[in-house]
Amino acid sequence: MSLIDISGNLLYIAFFCYLIGTFLFSGAIKEKNDTAASRAEKFGKVAIIVTIIGFISHVAYFITRWIYTGHAPVSNMFEFTTAFGMFIVLSFIVLYYMYKVAALGVVALPIALLIIAYAAMFPTEVSPLVPSLQSHWLTIHVITAALGQSILAISSVAGLVYLLKNVNTKVRSFESIAFEMVMFFGVLVIGFVVATSTFSAMNYEAKFEYVDTLDKVSEVTYTMPAIFGMNEYKELSEDKMTPIKAMPALIDARKLTTVFWSIIFGSALYLLIRLVFRRSVSSMLQPLVKRVNSQLMDEIAYRSVLIGFPVFTLGALIFAMIWAQVAWSRFWGWDPKEVWALITFLYYAAFLHLRLSKGWEGKKTAWLTVIGFLIIIFNLVVVNLVIAGLHSYA
Amino acid sequence: MNKLLCECGHENPEGTKLCQKCGRPLSEEEKDKKIADMRYEGTAIRSKTYNKSIIDKVWNFFSSVKVGIALIIINLVVASIGTILPQEFYISVATDAEKEAHYSDVYGWFGEIYYALGLSDVYSSIWFQVLVLMLGVSIIIASIDRGFPLHKSLKNQRVKRHASFMKRQRVIAEGQPAKNADETLALVEQKLKELNYNVRREDQSILAERGRFSRYGPYVNHVGLIVFLLGVMLHLVPGFYVDESMWLREGETRAIPGMEGYFLKSDKFILETYDNDPQGEQLKQGVNVVAKNFQTDVTLYQQKEGAVAGQADDLEVIKQYEIRVNHPLKHEGYALYQMDYRLNELKSMKFDLTHKETEESLGQLTIDLTNPEDEYELNNGAKVKLLAYYPDFSGFKDGVPQTATASPNNPAFIFKMFTSEKPEGETSFVAIQQTLEPDGENNYKMKFVNVETRNMSGLTIRYDRTLPILFVGGIIFMIGVAMGSYWNHRRIWVEQLADGTVHLAAHTNKNWFSMKKDLDKLTDAAHLPQYVDQQESKIDEQQELEDK
């Protein structure tokens, strides 16, 4: 077994540890009577140990891949996203030892799991570095930025726990519907993972020829049955699904198809859950956080932003500017990723200022952290994959 | 100016919420509150006090945190709109008409609107810059408005505070110590010192304080931001910033634009590629699929002193360097970057002066396409004159050949061939795969033999004197943010009355969890009555109501 295979297996081990950890943490907070208190504590202890084992395995994946490739494994979508998941778990472990709240694990670990599963949908091959990435700043900038983002993400974990406890899911209100939408969004990510793995297990591949925005003929390979066809497409593979509708050149129909299938699978999954349990997802999860101290959650959410904000600024703006100056001769170029790093910075700056105003605590803070996490995810997914720019790698 | 006289006899400036000396609430609004508003320590803030003249109104507008947040959000939204479609500077067309065409061709009606609204160049637009400037003004005014009063009140804190101040803090305790009542204050003092608090004691009152400097964090980071923004603005001042670019062909020596008295010679351009196959998404995206290294080996020359500007004869070698991406050549504050390249540009063309029928050659000539000679001498007294040269031939206009650019992309020539057979000369227009003979049939022709090519490096020359300023601004900002984020200001007031009753009040600007840990230790060590969090009990009550 080569080093890269070992590395891959270590990531699997980490994934399963986090999965087990999630269940153990739910066991730790699901307590029915007083005699269960000691049992809960035991569950909590085992849960954090399993999580730490998973994290060590995750770090080992990172290091072995680093040794194998010869550069910090943060150079493409798969590597960056797994590293992001790793730092989320790290932030969670630190937070757990600071506040000892098991309920955080029930939200943080599934988020990490979803992120790793999402990462695994990208090509995992080792790719050589293009000239602009051949720099120590790759290591310094990307790792600091990812760490900062993961600490900020942890604030939304606390925010979600807060909302889970404090949003009244029994009443139909704007808030309860919005919160259920957040849950639905999580199910959609599972839908993406299920869709991608299903079609890749079937080895689905359909080739098309199409005309791009600059009137050039190019070729594209779909790994999912084509719902949407590229501009003036021509089928090259036989016996594959014919697109239902052709799209104008501006729209990447292949990505749109992926989004469509993810929504189909995710919605089906969501409907199934609703039909089987006859309850909203948020109300199902609500009992898990019954004993949580709301004010502590609010404080954790605020504090994570306070801790993550300077780290993010350092990594995603200052180090990024230094590198941009060295590689591209300018420290700032209004590249989409640069702009979105600035937007994230401005958003959290606004968050910190709002916190000064009266009344922006509790639910409002919790919602702000959730929106912040959506911005981070947007930055990771849409800006890298959809918007063209210097960071459109992977 | 009106003064507010507190019951304790202290005169406070107008607008004060909490008496500077004893902490009694002074305004009616403040008196109604269960928990005192401790932001800015209840001191008078200019923007909250005066609202008469225009200056007051402008000052109040910019000092408002709400306005500041609104400005942040507006900047954020505008910046995000600019990322929907690529900005103009990422599109490689030159004129406005071409830009407009590009947006409507590639992005349809949406692109047309985007361009028409000026969103395709939003970051250079005046109104975006005005927005950033307003944010900068807001940062400065808000900092002055709040920073100085805050500093004053933090500096002049009294130890003893009035009971109404103590009672109206978020965390309070009141009652008899469980034991050792006569030692309580000594125990409190000792424990708090152990916990690294600065302890001040006056009679029966104690003020313990820790991490006060973190309150200055926001003001420090605002100073950093202002320095940074100033640095950015200095780019506009001549002499602070140079941004030039040049194309340099292999073997060529050229004066460096923007870098007076320096010349650069390209010894070689190297493009290395990975020999493996590009994979996965990398291939689909087609971004630098296989490039491993772009490199220009250069020699940097400087003119000797007293040389005429642009004179390239008498040069002194300064250094040799391999300019690569991430490895610019640096000299005297200037930096030269490897930015672009063009492979296989035509360098020279070789022709053979041949008799059309006999195929007899009168000799060969090589034309340097960047610097062609006027006349070429050949064997047996034959010669060729180059009457005209069109480096980038683009067709005829009114019978006259045109050139599109000065780069030898599609060279065309008008030759006059002098031979013993035709001593008065024959004219011939020669372009790639095209020959015209305007004066009728010629006897001789210029037969194409071969072509030599070479590579070209696109280099950028930067000189940026503002970098140290930006760097200092960035460092100040980071220090300020770290001060404000990683430390917090904790204060504990303790007072023991004659009957032994202890009053305790505690305040922190953030991180109440750690503050309470400190209080737990203190309560334990000095046998104090259990403290209560007035805000938490409020939330619990609320929640119980909701649950019902």
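The values are calculated or read from the model by the stated rules, or taken from the named source; none is laboratory data. Note that the structure is predicted; figures quoted are calculated from it, not measured. Note that each Cβ is placed from the backbone with ideal geometry, even for glycine, and that neighbours are counted across all protein chains shown. The area values use the complete protein model at the heavy-atom level, side chains included, leaving out ligands, DNA and RNA. Shrake-Rupley method; radii C 1.70, N 1.55, O 1.52, S 1.80 Å.
Here are the numbers for the structure shown:
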item	result
Kyte-Doolittle at least 0.5, axis length at least 30 Å by Cα - qualifying DSSP helices, chain B	B:126-155
Accessible area buried between chains A and B, both sides summed, probe 1.4 Å, in Å² to nearest 100	5600
Difference of contour (0.36 nm per residue) and Cα-Cα distance, B:Leu497 to B:Ile113	130.8 nm
Tail weight of P(r) past 45 Å, computed on alpha-carbon pairs of the protein assembly as shown, percent	46
GNM top mover of A:Tyr347, A:Tyr204, A:Tyr162 - chain A, alpha-carbon springs below 10 Å	A:Tyr204
For A:122-132, mean number of other protein chain Cβ atoms within 10 Å	6
Highest-MSF residue in chain A out of A:Gly105, A:Gly359, A:Gly229 [GNM, Cα springs under 10 Å]	A:Gly359
Over the stretch A:315-394 - Rg/Rh using Cα atoms and the Kirkwood inverse-distance radius	1.07
Average beta carbon contacts from partner chains per residue of A:192-204, 10 Å cutoff	0
Protection-proxy order for peptides A:331-344, B:28-41, each taking the mean of Cβ atoms within 10 Å per residue, highest first	A:331-344, B:28-41
Karplus (6.51, -1.76, 1.60) ³J(HN,Hα), θ = phi - 60°, over the stretch B:199-204, in Hz, Gly and Pro reported as x	10, 10, 10, 10, 6, 9
Peptides ranked, highest mean first, by Cβ atoms within 10 Å: ranges A:177-186, B:488-497, B:196-205	B:488-497, A:177-186, B:196-205
Rounded accessible area of B:Asp96 (nearest 10 Å², 1.4 Å probe)	100
Nearest-20 debye value, the protein assembly as shown charge dipole, Cβ charges on Lys, Arg, Asp, Glu	6000
Inter-probe distance in nm under a simple model that places probes 7 Å from Cα toward Cβ, at B:Gln402 and B:Lys319	4.7
Residue-averaged beta-carbon neighbours from other chains (10 angstrom radius) around A:348-360	4
For chain B, the spread of Cα positions along each principal axis, largest first, Å	132, 54, 50
Using a Förster distance of 56 Å, the FRET efficiency for B:Leu386-B:Met233 (Cβ separation, nearest 0.05)	0.60
Pairwise FRET efficiency - B:Val130 versus A:Lys240, Cβ, R0 = 51 Å, nearest 0.05	0.40
Once the Cα gyration tensor of chain A is diagonalised, semi-axes √(5λ) in Å	35, 26, 23
Kirkwood Rh (inverse of mean 1/r, distinct Cα pairs), the stretch B:430-535, angstrom	22.8
Share of alpha-carbon pairs per 10 Å distance bin for the stretch A:10-162, given as whole %	12, 39, 30, 14, 4, 1, 0
Which of B:Ile270, B:Gln402, B:Val188, positive extreme of dipole for chain B (C-beta unit charges)	B:Val188
Whole-angstrom Cα spans of the stretch B:365-495 along principal axes, big to small	121, 34, 22
Length added when fully stretched, B:Lys33-B:Ala312, from 0.36 nm per residue minus Cα-Cα	92.4 nm
Coarse-grained scattering of the stretch A:239-393 at q = 0.19 Å⁻¹, given as base-10 log I(q)/I(0) from a Debye sum over alpha-carbon atoms	-1.18
Surface share of carbon and sulfur [accessible, 1.4 angstrom probe, percent] for the protein assembly as shown	59
Reduction of at least 30 Å² in accessible surface, 1.4 Å probe, comparing all protein chains with the chain by itself, residues of the stretch A:323-337	A:Gln325, A:Val326, A:Ala327, A:Ser329, A:Phe331, A:Trp334
Percent RCO, i.e. relative contact order, over chain B, from Cα pairs under 8 Å lying at least 6 residues apart	18
Highest average packing first - B:254-264, B:474-484, Cβ atoms within 10 Å	B:474-484, B:254-264
For B:Phe263, distant residues with modelled amide H under 5 Å away	B:Ile256, B:Tyr301, B:Gln302, B:Gln303
Size of electric dipole in chain A: Cβ of Lys, Arg +1 and of Asp, Glu -1, about Cα centre, debye, nearest 20	1680
Beta bridges by DSSP in the protein assembly as shown, antiparallel share as percent, to the nearest 5	95
Equivalent ellipsoid semi-axes, the stretch A:41-82, via Cα gyration tensor eigenvalues times 5, rooted, Å	29, 11, 4
With DNA, RNA and ligands ignored, accessible area of B:Thr366 (1.4 Å probe; Å², nearest 10)	70
Probe 1.4 Å, accessible area per residue of the protein assembly as shown, Å²	48
Efficiency of FRET between A:Glu232 and A:Phe378 - r from beta-carbon atoms, R0 35 angstrom, step 0.05	0.70
Among A:Ile376, A:Ile49, A:Ile190: highest mean-square fluctuation, GNM of chain A, C-alpha pairs under 10 Å	A:Ile49
Span-rule helices in chain A, defined as complete DSSP H runs reaching 27 Å or more along the axis (Cα) with Kyte mean at least 1.0	A:3-29, A:77-99, A:136-166, A:174-201, A:253-277, A:363-385
Net +/- balance of residues flanking B:Leu187 in space, Cβ distance below 14 Å, scoring K and R +1, D and E -1	0
